[in-house]
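The values are calculated or read from the model by the stated rules, or taken from the named source; none is laboratory data. Bear in mind the structure is a predicted one, so any value in this text is a computation, not a measurement. Cβ sites come from the backbone with ideal geometry, for glycine too, and all protein chains shown count toward neighbours. Only protein heavy atoms, including side chains, enter the accessible area calculation; ligands, DNA and RNA are left aside. Shrake-Rupley method; radii C 1.70, N 1.55, O 1.52, S 1.80 Å.
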Amino acid sequence: MSEITINTDVHSMELTIQSLLEGPLELLNSHLKNLYDSQVILRSILDKMENTLVKTGNNLRPGTFPIGGEDEDEVIRNERVDLDDYLKRLVRIRDKLKKIEDIIEVVEKRVNRMESMMIGDDDEEEEEEEEEEEEDEEDEV
């Protein structure tokens, strides 16, 4: 007999349909598995984000959101948000920026004066007035 034996229980039309649909069905199965894996990853990311938001909400207003399996006091103690410290830091940074801005203004005036001297548009009276203004500003800083 020949090496290839055809099972007589399966109709030849069934074999034809199976051979035609096998590739697309395998591809569909692969896409469905990828979709499921993506959903699992997305779900874990969303769970982490939810936990972070709940902890932040409890830090801002203790006891607002119940946390399953965690002691509320532990959350508040470990991750307390202190807005007063942030506000003080912002005020210090603002003050430093104002000082830097004043220094930059003085430097710009000096550069402009030097530039005008190089061009030859130097008016002695204007220079003296600018120098007096700069000295007053430097004394303030």
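Numbers at a glance
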read-out	value
Reachable lysines, given that their alpha-carbon falls under 24 Å from the alpha-carbon of residue 48 and they are not under 8 places away in the same chain	33
Nearest-0.05 FRET efficiency for residue 50 and residue 85, computed from C-beta distance (R0 35 Å)	0.85
Surface accessible to a 1.4 Å probe, residue 114 within the full protein complex, Å²	110 Å²
